[in-house]
1. Please tell me if Pro241 is part of a loop (DSSP other than H, G, I, E, B), open to solvent by 50 Å² or more (accessible area, probe 1.4 Å) and either of a type in the set (Asp, Glu) or at pLDDT 95 or above (or both).
2. Being open to solvent by 20 Å² or more (accessible area, probe 1.4 Å), at pLDDT 95 or above, acidic (Asp, Glu) and assigned to a helix (DSSP H, G or I) is the requirement here; does Asp276 meet it?
3. So, in segment 120-144, of the ones that are in contact with a Leu (Cβ under 7 Å, 6 or more places away or on another chain) and among the hydrophobic types (A, V, I, L, M, F, W, C), which residue ends up nearest to Ala89 (Cα to Cα)?
4. Go through Glu100, Glu92, Glu105 for me and flag whichever is open to solvent by 40 Å² or more (accessible area, probe 1.4 Å) and either modelled with pLDDT of 95 or more or over 12 Å from Tyr180 (Cα atoms) (or both).
5. Please verify whether segment 66-82 includes one or more residues that are under 19 Å from Gly158 (Cβ atoms), open to solvent by less than 80 Å² (accessible area, probe 1.4 Å) and at pLDDT 55 or above.
6. Inside segment 117-152, can you point out the residues that are touching a Pro at 6+ places or on another chain (Cβ under 7 Å) and either acidic (Asp, Glu) or open to solvent by less than 60 Å² (accessible area, probe 1.4 Å) (or both)?
7. Check Asp86, Asp31, Asp43 and return the single one that is over 19 Å from Tyr180 (Cβ atoms) and modelled with pLDDT under 50.
8. Working only within segment 160-211, note down all residues that are modelled with pLDDT of 90 or more, assigned to a helix (DSSP H, G or I) and of a type in the set (Phe, Trp, Tyr).
Amino acid sequence: MPTLSRLRPVVVVVAVALALTGCGFDTTVGDGTNRARAQEILDEIQAAVEEAQAENSAETGDFGEDPPAETGAIRTDTNTAFVYEDYQATLEGVIASLDEFWARELPATFQAEYTRPTRFVYYRPEQEAGPRCGDEAAPAQNAFYCPAGDFIAWDESGLMIPYYVSSGDFAAAFVLAHEYGHAMQFRLPEQEQLGVLRELQADCFAGAWARDVQEQGLLEAGDLDEATLAVFSVRDVPGTPFTDPRAHGSGFERTRAFADGYEGGAGTCYPAPAEDWVVEAQQ
């Protein structure tokens, strides 16, 4: 992804008024087939987390309250040493881009009013509990959208930095785009009742945003591969029924939903085309 040097520093379970929308992201870095490389990545992640803690002593913190004045190219070179300021600038730029995209898309495509989520919060559960959403505690190694407070939050040390280091900057961007998709669901007149469809719809919305930034020339070769890998890596364990309230979709289903959004735009995602996305329901 292009560098944000000009920017300022910036499963779904229905319970008690849909209080917490959390997404199961996989932070596994190796399957044992290449143990040496897997250990290298783990070491890089640990060093990156330690750098983040040294650069920013806050255990839980908000990104900027106001969106950046301009949105530049979205890019960092994740093949070089981790730099906390670059990582932070990448996330801030992604948030600014999502804000700009949905401010256009929600009224134009859905005739719905757009409002920016109130907060973007990172937390480090090994140091301090993250922000609660109603009666629900912030989950470790995860990210979520909280309708009750209209905010997006993520585990920085257990999820976002590992994703950024091991899978690439656009994989981390996908996490934010997916959660932003959940926020947009609550700005639309109707929400999907089936949990897996809400998750797949958020993937689809993320794909629509990815196409928009690609058309603006803000991506580079390999970014979409990172996003596709991120989508596939958060698939359900094989055998998970689509009716399970924690279901997020198989690798095929999640990749298909993301691709539909990328190819057809956000309008393709709402209402969710269950007959196209949920393979098990057709059997």
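1. For Pro241, the condition - part of a loop (DSSP other than H, G, I, E, B), open to solvent by 50 Å² or more (accessible area, probe 1.4 Å) and either of a type in the set (Asp, Glu) or at pLDDT 95 or above (or both) - is not met.
2. In short, no.
3. Ranking the qualifying residues of segment 120-144, first place goes to Ala143.
4. After ruling out the rest, the residue left standing is Glu100.
5. Within segment 66-82 (the criterion being under 19 Å from Gly158 (Cβ atoms), open to solvent by less than 80 Å² (accessible area, probe 1.4 Å) and at pLDDT 55 or above), the answer is yes, since at least one residue qualifies.
6. Passing the criteria: Val121, Tyr123, Ala138, Asp150, Phe151, Ile152.
7. Asp31
8. Tyr164, Phe174, Tyr180, Phe205, Trp209 - these are the residues of segment 160-211 that are modelled with pLDDT of 90 or more, assigned to a helix (DSSP H, G or I) and of a type in the set (Phe, Trp, Tyr).
The values are calculated or read from the model by the stated rules, or taken from the named source; none is laboratory data. Given the structure is predicted, the values throughout are model-derived calculations rather than measurements. Cβ atoms come from the backbone with ideal geometry, glycine included; neighbour counts cover every protein chain shown. When the accessible area is computed, the model is the full protein with side chains, heavy atoms only, and any ligands, DNA or RNA have been set aside. Shrake-Rupley method; radii C 1.70, N 1.55, O 1.52, S 1.80 Å.
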